[in-house]
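Engineer: Attaching a single structure in structure tokens format; questions to follow.
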2 protein chains.
Amino acid sequence: MYENPGEVRKLIRQGKLKRPTTGLAPGYAQANLVILHKDLAFDFLLFCQRNSKPCPLLEVMEAGKYEPVLTAPGADIRTDIPLYRVYRNGELVSEERGITRYWMSELVTFLLGCSFTFESALEKAGIPLRHINEGKNVAMYITSIETEPAGIFSGPMVVSMRPVKVSQVVKAVQVTSRFPQVHGAPIHIGDPEKIGIRDITRPDYGDTIEIKEDEVPVFWACGVTPQAVALKSRPPLMITHSPGYMFITDIRDEELTVI
Amino acid sequence: MYENPGEVRKLIRQGKLKRPTTGLAPGYAQANLVILHKDLAFDFLLFCQRNSKPCPLLEVMEAGKYEPVLTAPGADIRTDIPLYRVYRNGELVSEERGITRYWMSELVTFLLGCSFTFESALEKAGIPLRHINEGKNVAMYITSIETEPAGIFSGPMVVSMRPVKVSQVVKAVQVTSRFPQVHGAPIHIGDPEKIGIRDITRPDYGDTIEIKEDEVPVFWACGVTPQAVALKSRPPLMITHSPGYMFITDIRDEELTVI
């Protein structure tokens, strides 16, 4: 019953499924959500275009549109995510089960690729992921790598870290390179200080993940980046998904590969 | 003297180089130009995002900016192309050697990838290109494939056709798949009627190119699409390059590959 993305979204819409979306509709891409006023939409779309590794766009909907016709026809972006976050002037003001009452014809919706897709590909390629096996959140860090600014948006890139066995690093690069629409190849391999991370045991978001003797930390651009950058500009209203509670699309993971 | 992209742009800016840009600064990516008023910029950027095969963005510059800092720092988009076209309400009104006198702080510039890049890769892979060898323009056709509309922009996809030996079709797909930022893999292989082309001997743009007995017509999304779609909306002002007179970037062709 949790295999079909349309069925899962229906259960969420009916309030019958309130849990994080990991493991739901396996094989289908899940998406990060950012909703902004149309006055900010060109700058944010340009920011995503210039920073496609941390901000891989799956779909952008014109102002006022709440059906993602390209990635999940029939869905309603206002009701089909189990938990939303509402920010006013850059401050979190509430978590909501639905956002219909916030909806306005001036709102533009951005759906961005999420790393669940390439993580499943890594596991299939025989590369274990410790944060998943230990039931933790991935470790995320604010780096010294600046994103390319666009209009009012700028800020540092946030990365996620996964420890990979030395002998499997090349394979990890190859596997994730095939998925440019969901963060793609790593941003950095090895020494955390080279990208401005002083203490690998203290992530800025998520949980601390152990790195063993025969492993190397591998860093990928993270979908937290666009949210962090957007919040920094203190938009009057911004709505996102709540971490872990993603939008489930009808796009199969394998459709997001290149060659 | 025509090897370095910065040097070539300088000669163009000084009015010392007025010819088409084919063969100039070999190995560097050349770009299509579209300049529109900022009121249309979000819709056009969204159109390109939704239709990345015919509209592969290399750089988008904020309103009023004329230096492409990401793809050709130091260049001036108003003077560094040998020939421009100016359209008013969808009609061509003039061809110009420079567009500084048209410049306004409300103009947004789009640079889109061009097929020169993948054509050079095809030739290096041993796949001859008849239109180049015969000194002709590539054959282009309006198809029955609809682009994904965005805001005010919609219309059919335009494709370019290159005859490829049956034994080299797979190689042609592989080589061009590596260049998603310059149109990428073919849109269609074989029967022209399947994509709405009734008479392959009568292209809508460019020259008629012979298809020999042991060859298959292979079709790629074409950069004429975004211009055709933009003109259809009859924008008060639109400026483009003149066909064949491209903007030469500092980006090496190989930087535009994936894996």
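The values are calculated or read from the model by the stated rules, or taken from the named source; none is laboratory data. Keep in mind it's a predicted model, so treat the numbers as computed, not measured. All Cβ positions, even for glycine, are placed from backbone atoms using ideal geometry, and neighbour counts span all protein chains on display. The area values use the complete protein model at the heavy-atom level, side chains included, leaving out ligands, DNA and RNA. Shrake-Rupley method; radii C 1.70, N 1.55, O 1.52, S 1.80 Å.
Engineer: Let me spell it out: the conditions are (1) aliphatic (A, V, I, L, M); (2) away from chain A (no Cβ under 14 Å); (3) out of contact with any strand residue (DSSP E or B) (no Cβ under 9 Å at 6 or more places or on another chain), and B:I197 meets all of them except one. Which number is the exception?
Structural biologist: (3)
Engineer: Among the residues of segment A:201-218, write down those that are farther than 27 Å from A:I239 by Cα and in contact (Cβ under 8 Å) with a residue 40 or more places away in the chain.
Structural biologist: As a first pass, look at segment A:201-218 and keep what is farther than 27 Å from A:I239 by Cα: A:201-202, A:208-218.
Within segment A:201-218, A:T208, A:I209, A:E210, A:I211, A:K212, A:D214, A:E215, A:V216, A:P217, A:V218 meet the criteria.
Engineer: Looking for whichever is of a type in the set (V, I, T), surrounded by fewer than 23 Cβ atoms within 10 Å (Cβ to Cβ) and either in contact with a strand residue (DSSP E or B) (Cβ under 8 Å, 6 or more places away or on another chain) or over 18 Å from A:I152 (Cα atoms) (or both) here; the options are A:T71, A:T117, A:T109. Which one fits? Before you say what the answer is, go through the steps one by one.
Structural biologist: Values: A:T117 fails: surrounded by fewer than 23 Cβ atoms within 10 Å (Cβ to Cβ); A:T109 fails: surrounded by fewer than 23 Cβ atoms within 10 Å (Cβ to Cβ).
Exactly one of A:T71, A:T117, A:T109 is of a type in the set (V, I, T), surrounded by fewer than 23 Cβ atoms within 10 Å (Cβ to Cβ) and either in contact with a strand residue (DSSP E or B) (Cβ under 8 Å, 6 or more places away or on another chain) or over 18 Å from A:I152 (Cα atoms) (or both), namely A:T71.
Engineer: Would you check if there is a residue in segment A:215-230 being open to solvent by less than 40 Å² (accessible area, probe 1.4 Å), of a type in the set (S, T, Y), modelled with pLDDT under 95 and under 19 Å from the mean Cα position of the chain (by Cα)?
Structural biologist: Yes, the conditions are met somewhere in segment A:215-230.
Engineer: What strands (runs of 3 or more DSSP E) lie completely within segment A:211-259 and have 3 or more residues being on the phi > 0 side of the Ramachandran plot? If you could, list the steps in order and put the result at the bottom.
Structural biologist: Numbers: elements: A:215-221, A:238-241, A:247-252.
No strands (runs of 3 or more DSSP E) qualify here.
Engineer: Just checking, does segment B:80-87 include any residue being in a loop (DSSP other than H, G, I, E, B), of a type outside the set (S, T, N, Q) and within 14 Å of chain A (Cβ to nearest Cβ)?
Structural biologist: no
Engineer: Here is a list: A:A172, A:A150, A:A125. Which entry is in contact with a Lys or Arg (Cβ under 7 Å, 6 or more places away or on another chain) and within 14 Å of chain B (Cβ to nearest Cβ)?
Structural biologist: None of the other options fit; the residue is A:A150.
Engineer: Still on this structure: When you look at A:P163, is it open to solvent by less than 50 Å² (accessible area, probe 1.4 Å) and either more than 14 Å from chain B (Cβ to nearest Cβ) or not hydroxyl-bearing (S, T, Y) (or both), yes or no?
Structural biologist: On the way: open to solvent by less than 50 Å² (accessible area, probe 1.4 Å): yes; either more than 14 Å from chain B (Cβ to nearest Cβ) or not hydroxyl-bearing (S, T, Y) (or both): yes.
Taking the combined requirement at face value, the residue satisfies it.
Engineer: So, one more: Hey, can you tell me all the residues within segment A:109-133 that are touching a residue at least 12 places away in the same chain (Cβ under 8 Å), within 29 Å of A:K16 (Cβ to Cβ) and not polar (S, T, N, Q)? Can you show your working first?
Structural biologist: Within segment A:109-133, the first condition is being touching a residue at least 12 places away in the same chain (Cβ under 8 Å), and the residues that meet it are A:109-122, A:125-127, A:129-132.
Going one step further and asking which of them are within 29 Å of A:K16 (Cβ to Cβ), we end up with A:109-117, A:119-120, A:131-132.
Scanning segment A:109-133 gives A:F110, A:L111, A:L112, A:G113, A:C114, A:F116, A:E119, A:H131, A:I132.
Engineer: What is the residue count in segment A:36-66 for residues that are within 14 Å of chain B (Cβ to nearest Cβ) and either open to solvent by 10 Å² or more (accessible area, probe 1.4 Å) or assigned to a loop (DSSP other than H, G, I, E, B) (or both)?
Structural biologist: So in segment A:36-66, the residues within 14 Å of chain B (Cβ to nearest Cβ) come out as A:36-53, A:55-65.
Next cut, either open to solvent by 10 Å² or more (accessible area, probe 1.4 Å) or assigned to a loop (DSSP other than H, G, I, E, B) (or both) only: A:37-40, A:42-43, A:49-53, A:55-58, A:62-65.
Count: 19.
Engineer: Can you tell me which residues in segment B:155-199 are within 18 Å of the chain's Cα centre (by Cα), part of a loop (DSSP other than H, G, I, E, B) and small (G, A, S)?
Structural biologist: B:G155, B:G184, B:A185
Engineer: Go through (1) farther than 30 Å from A:K165 by Cα; (2) open to solvent by less than 60 Å² (accessible area, probe 1.4 Å) for A:I145 and report which single condition fails.
Structural biologist: Going through the list (1) farther than 30 Å from A:K165 by Cα; (2) open to solvent by less than 60 Å² (accessible area, probe 1.4 Å), A:I145 breaks only (1).
Engineer: Would you say B:R85 is closer than 29 Å to B:K18 by Cβ, surrounded by fewer than 23 Cβ atoms within 10 Å (Cβ to Cβ) and among the charged types (D, E, K, R)? Don't jump to the end; show me each part of the working.
Structural biologist: On the way: closer than 29 Å to B:K18 by Cβ: yes; surrounded by fewer than 23 Cβ atoms within 10 Å (Cβ to Cβ): yes; among the charged types (D, E, K, R): yes.
When the stated conditions are applied, B:R85 passes them.
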